[in-house]
Amino acid sequence: MSLYVENSNNCISDSWQQFTTTINSADKAYDYSVRTEILDSWRRCRHAKVNPNDMCIHPQLDSISLRVMLRQNRELINIAKPFMTNLYEVVEGSGFVVVLTDIRGYIMELFGDEDALTNPMTVSFFRGANWSESQVGTNAIGTALVIKKPIQVSGSEHYCFEHHSLTCSAAPILDAKGEVLGILDVSGAATAAHLHTLGMVVAAAEAIMAQISIQRKNNELSVINNRLTNIFNTMSDGVILVDQHGVISELNPVAKQILGSGLSKIEAKPGIQVESIFGTKNTLIEKMLKHKEACAEVEIMLDTSQGLCHCLASSETVTDAQGAVTGGVIILRPIKQIQSLVNRFSGHYGTLQFSDIIGGSKALLEAVRVASLAATSMSNVLLQGESGTGKEIFAQAIHNRSNRQAGPFIAVNCGAIPRELIGSELFGYAEGAFTGAKRGGKPGKFELACGGTLFLDEIGDMPLEQQVALLRVLQERRVIRIGCDKVIPVDVRVICATNKCLMKEVEKGTFRKDLYYRLDVISITIPPLRERSDDIVALFNYFLEKQDKHCRRFIVNPDVIERIVRYNWPGNVRELQNVVERIVSLTEGQTVTLANLPQEICNCQPANDNAGRERLLFPATNIVETFCRREQRRRVLDENEKQEILELLYNHGGNVSMTARDMGVSRNTLYRKMKQHAIYKELKCKVEQVSL
């Protein structure tokens with residue numbers, strides 16, 4: 001056997017001698033007694049102009065580059081070290097070294113006897129030394145990097161004569177995509193070459209790759225676990241995890257908050273049963289754990305340390321690979337959150353403020369003052385006034401000034417709902433409560449307004465039988481849906497409005513006296529428009545400007561102002577707003593005359609009695625004079641502004657941007673003013689005159 005090996009080595013040596021002394025063109029004419037991988041490697045070395053007879057100088061990394069390489073490959077080195085240690089224990093004392101290189105062939109880690117590391121044959125093995133083919137010729141490390149396969153290179157198979165005394169066995173370490181991460185190599189004296197060495201190296205490399213795969217899977221699982229933990233802890237809904245016996249294993253912060261601070265005992269006793277929270281009669285747990293049935297949005301009432309909590313609960317069963325139940329997940333969502341979300345997207349919020357109330361009469365200012373004070377309390381408010389005086393504006397303003405402004409504002413017209421339906425609208429109903437009831441039931445307005453304000457308009461029209469239920473809700477702050485026995489706590493501020501005298505309704509027997517006194521905590525009377533004639537012109541101008549979408553800048557004749565001031569306005573502010581809308585729609589041009597007013601206003605006559613004359617005539621005269629002076633002053637200011645814009649546009653050659661900059665306004669504002677003053681036509685005429 002030894003004779004065969006010696007003859008084989010001689011053949012390889014002869015082939016190497018022939019290859020290194022033959023020119024490239026005559027290479028293929030000779031039959032080399034070497035493996036294909038070795039011959040291909042020799043040819044690559046020749047192409048790279050590696051000198052086989054010169055002394056090999058291994059390129060070496062400087063200290064900074066070495067530190068960078070070690071830092072970048074720290075994970076691979078840490079994983080490979082234990083396997084390299086085991087491999088070295090097998091070859092310890094034999095003069096072999098165990099080497100780990102990066103993808104460029106630079107040595108990152110090595111194990112070897114002290115004699116082996118100082119042996120002339122293996123002295124070139126040190127950290128930072130390069131063993132790539134292009135630098136030191138054919139060798140197991142460099143060739144394995146190229147072919148990405150395990151290989152053993154012994155004796156004369158090395159391209160450089162200096163390495164003929166070595167035997168090297170190397171295997172690539174690949175990632176999941178088949179890309180090389182590094183090379184594991186065992187090198188020693190050629191006289192000790194054995195095929196089993198390569199087998200050990202391959203086994204160690206595969207073990208390293210398996211460990212890398214496990215490590216990366218663990219990292220991926222860790223990332224996934226962190227993500228799930230973050231989701232679990234940051235979910236806006238409460239989450240409860242239970243095992244197959246219904247024992248709570250974990251709760252997220254929201255679940256702890258929903259169930260109350262008293263739940264801290266669960267953390268001290270992790271074996272607590274979920275039924276102690278949901279109750280033994282709750283079928284949600286039984287369906288989830290015993291029947292593997294998922295439940296979605298089941299209404300439940302939890303008795304927490306903070307009181308009753310109305311929630312929607314959903315559950316899902318957790319099973320293993322064989323389908324056996326291992327636990328379940330329960331999702332809790334407080335009804336308040338859902339109602340808040342619904343109200344935000346359904347328009348159930350107040351938009352009007354006290355600043356939206358136009359007028360300066362003493363009676364109106366007094367009503368605003370009382371309403372502003374009422375906004376800071378939780379007391380019930382009763383708004384009284386004729387139809388069209390703006391009771392809902394006051395209600396919204398009170399809501400938006402209160403600490404409930406972030407909550408919903410829900411308005412209900414008690415006079416517009418059929419008497420047989422008003423109970424279900426206000427208090428809600430359960431599934432199957434009556435024919436046509438929605439599946440799952442429906443929450444009432446009191447529930448939807450939870451955390452905000454409920455505005456009951458036309459409260460005087462509420463049926464007598466429903467007034468009893470309303471009184472109980474106002475007293476107890478709890479509602480019971482029609483057809484249900486569950487008590488639902490509600491946190492609602494109630495504002496009522498009526499155009500009737502409720503005290504007279506009490507005397508008639510159509511309104512409960514006890515409910516009247518419950519509602520009439522803070523009473524605010526909104527004066528009709530006829531009693532605040534000073535505000536009529538201000539409201540008229542406000543609505544005229546608001547309705548004028550085309551910026552026509554209407555000019556109102558004084559006799560129009562005189563008529564609207566004398567008019568009685570039985571429909572109050574709402575009627576005035578409708579009249580202004582009519583004027584804007586039917587007026588041709590900019591001038592508003594008597595012809596644009598409704599006939600009943602044009603035919604309006606002063607009051608016959610002396611008191612009426614004194615109340616209407618003199619204020620009307622003063623208001624008209626004041627209006628005329630304001631109109632004249634406005635026209636002068638408009639004309640001055642118009643001339644300024646024309647002059648600047650002319651000086652800047654019609655450049656709108658430069659004109660807007662000189663005026664200190666935006667381009668959009670300037671365009672609006674140009675449209676308002678009809679400047680385009682005048683500017684065009686002026687330019688044409690200059691050109692002529």
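The values are calculated or read from the model by the stated rules, or taken from the named source; none is laboratory data. What you see is a predicted model, and the numbers here were worked out from it, not measured in a lab. Methodologically, a virtual Cβ is constructed for each residue, glycine included, from the backbone with ideal geometry; neighbour enumeration extends over all protein chains shown. Accessible surface areas use protein heavy atoms only, side chains included; no ligands, DNA or RNA. Shrake-Rupley method; radii C 1.70, N 1.55, O 1.52, S 1.80 Å.
Can you pull the Kirkwood radius for the chain, inverse mean 1/r over Cα pairs, to one decimal in Å? Hydrodynamic radius (Kirkwood, Cα only) of the chain equals 35.8 Å. Using a cutoff of 8 angstrom between alpha carbon atoms and counting only pairs six or more residues apart, the relative contact order for the chain works out to 7 percent. Once you've got the Cα coordinates, tell me which of K391/K513; K438/K513; K445/K486; K486/K508; K362/K391 are over 27 Å apart. Beyond 27 Å: K438/K513; K486/K508. Stretched out straight at 0.36 nm per residue, the stretch from T351 to E588 would grow longer than its current Cα-Cα span by 82.0 nm.
Of all DSSP beta bridges confined to the chain, the antiparallel ones make up roughly 75%. Counting only protein chain heavy atoms and rolling a 1.4 Å probe, the accessible areas of C11, C604 rank, largest first, as C11, C604. Translational diffusion coefficient of region 314-411 (Stokes-Einstein, Kirkwood radius from Cα pairs, 25 °C, 0.890 mPa s): 146 µm²/s. For a straight C-alpha distance cut-off of 17 angstrom, the aspartates and glutamates reachable from K442 (same-chain residues fewer than eight places away being disregarded) are E297, E299, E420, E425, E431, D485. The fraction of all Cα pairs in region 96-248 landing in successive 5 Å bins from 0 to the largest distance is 2, 9, 16, 18, 14, 8, 5, 4, 4, 4, 5, 4, 3, 2, 1, 0, given as whole percents. Both the radius of gyration and Dmax for region 30-91 are 18.0, 47 Å, in that order, over alpha-carbon atoms.
Once the chain from S377 to M658 is taken as fully extended at 0.36 nm per residue, the excess over their C-alpha distance is 95.9 nm. Extent of region 30-186 along its three principal axes (Cα atoms, max minus min coordinate, largest first): 47, 38, 30 Å. If R0 is 25 Å, the Cβ-Cβ spacing of R419 and L474 corresponds to a FRET efficiency of close to 0.80.
Principal-axis analysis of the Cα atoms of the chain puts helix 572-586 at an angle of about 80° to the longest axis.
For the chain, the longest principal axis of the C-alpha atoms and the axis of helix 335-346 are separated by about 70°.
Evaluated with a Cβ-only charge set (Lys, Arg +1; Asp, Glu -1), the chain carries a dipole of roughly 3000 debye about its Cα centre, given to the nearest 20. Taking label points 7 Å from Cα along the Cα-to-Cβ direction, S387 and D40 give a separation of 9.7 nm. For the chain, the longest principal axis of the Cα atoms and the long axis of helix 74-91 meet at an angle of about 20 degrees. Computed from the Cβ-Cβ distance with R0 of 35 Å, the FRET efficiency linking I300 to E220 stands at 0.40. At full extension, N668 and N578 could sit 29.4 nm farther apart than now, given 0.36 nm per residue minus the alpha carbon distance. So what is the diffusion coefficient of region 379-523 in µm² per second by Stokes-Einstein at 4 °C and 1.567 mPa s, using a Kirkwood Rh over Cα pairs? Answer, rounded: 83 µm²/s.
The alpha carbon centroids of region 443-484 and region 27-65 are separated by 94 Å. The helix-only estimate of mean residue ellipticity at 222 nm for the chain, built from DSSP H runs of length n ≥ 4 each weighted as -39500 (n - 2.57), is -14500 deg cm²/dmol after division by the residue total. Might you work out the accessible area of L421 for me, using a 1.4 Å probe with all protein chains in place, and round it to the nearest 10 Å²? Probe radius 1.4 Å; accessible area of L421 about 80 Å². Grab the beta carbon distance between K504 and E286, set R0 = 60 Å, and tell me the FRET efficiency rounded to 0.05. Computed FRET efficiency for K504 and E286: 0.55.
Using alpha-carbon positions, what is the distance between the centroids of region 180-213 and region 131-154, in Å? A separation of 13 Å, based on Cα centres.
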